[in-house]
Amino acid sequence: MMHDNAPAHTVSIVMSAAVDCGYILLPHPPNSPDLAPSDFYLFPMLKDHLHGKQFSTDIDIIHSVEDFLQVINKQFYQTGI
């Protein structure tokens, strides 16, 4: 089991309960960019794109995200993180 070191996840009673349930607790380095670089690079731009929009169906959301990914220029992907 991996958690994000949030205070609610690291309280001793929670840690004990996880171990009692048979979970193996894995260390999680705080703010590690190699765990989810998209959180720091792609998602803020996607959030800006979706901000203020309302969707009536899941399909509408999917189309909006696909449109966003099509609009990003090739340099964005070539540059990387």
Around Val65, what is the net charge, scoring Lys/Arg as +1 and Asp/Glu as -1 over all other residues with Cβ under 13 Å from its Cβ? -3
³J(HN,Hα), Karplus 6.51/-1.76/1.60, whole Hz, each residue of region 60-72, x for Gly, Pro: 4, 5, 4, 5, 5, 5, 4, 4, 4, 5, 6, 6, 4
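Any read-out appearing in this document is the output of simple, stated calculations on the displayed coordinates, not a laboratory observation. Note that the structure is predicted; figures quoted are calculated from it, not measured. Quick reminder, even Gly has a Cβ in these numbers, built from the backbone with ideal geometry, and neighbours come from all protein chains shown.
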